[in-house]
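Worksheet: one structure, shown below.
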């Protein structure tokens, strides 16, 4: 069961449901005013999670569609279906969540696995070919001053 849960991005689905639907529901249930819900729950907590998710998708090689999970749950379920979040906040915040996750997904190239590979033009060639040409290079580099 745990393998299946991990294979089908169970933790990402769980976090998307908890943050996209659970936090707005708890904020509404607790009676917070809209300013506190927007600042603390939607901007800070959900924003930080989306920054982390973009980084995690890049680091661990998850499918990029996982970047859409939380914004879709937030926009479709919390905003349009249940009406917990006002329409303008829900629409624009879900776009902001997607942009935040794309920043960290595309932004950091220090850990790019393809960075240290040597580019090979015209495909791979056999190194032990019989048609090897010998190039003689002068010791001084061939430059005259």
Worksheet, complete the sentence: Sole miss for residue 76 among (1) under 28 Å from residue 106 (Cβ atoms); (2) in contact (Cβ under 8 Å) with a residue 12 or more places away in the chain is condition (2)
Worksheet item: Which numbered condition trips up residue 51, out of (1) exposed (fewer than 12 other Cβ atoms within 10 Å of the Cβ); (2) at pLDDT 90 or above?
Response: (1)
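This table checks each residue for (1) at pLDDT below 60; (2) exposed (fewer than 11 other Cβ atoms within 10 Å of the Cβ); (3) in contact with a strand residue (DSSP E or B) (Cβ under 6 Å, 6 or more places away or on another chain).
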residue: 59; (1), (2), (3): no, no, no
residue: 65; (1), (2), (3): no, no, no
residue: 83; (1), (2), (3): no, no, no
residue: 88; (1), (2), (3): no, yes, no
residue: 91; (1), (2), (3): no, no, no
residue: 97; (1), (2), (3): no, no, no
residue: 125; (1), (2), (3): yes, yes, no
residue: 129; (1), (2), (3): yes, yes, no
residue: 141; (1), (2), (3): yes, yes, no
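The values are calculated or read from the model by the stated rules, or taken from the named source; none is laboratory data. Since we're looking at a predicted model, the values are computed, not measured. Neighbour counts run over all protein chains shown; Cβ positions are idealised from the backbone, glycine included.
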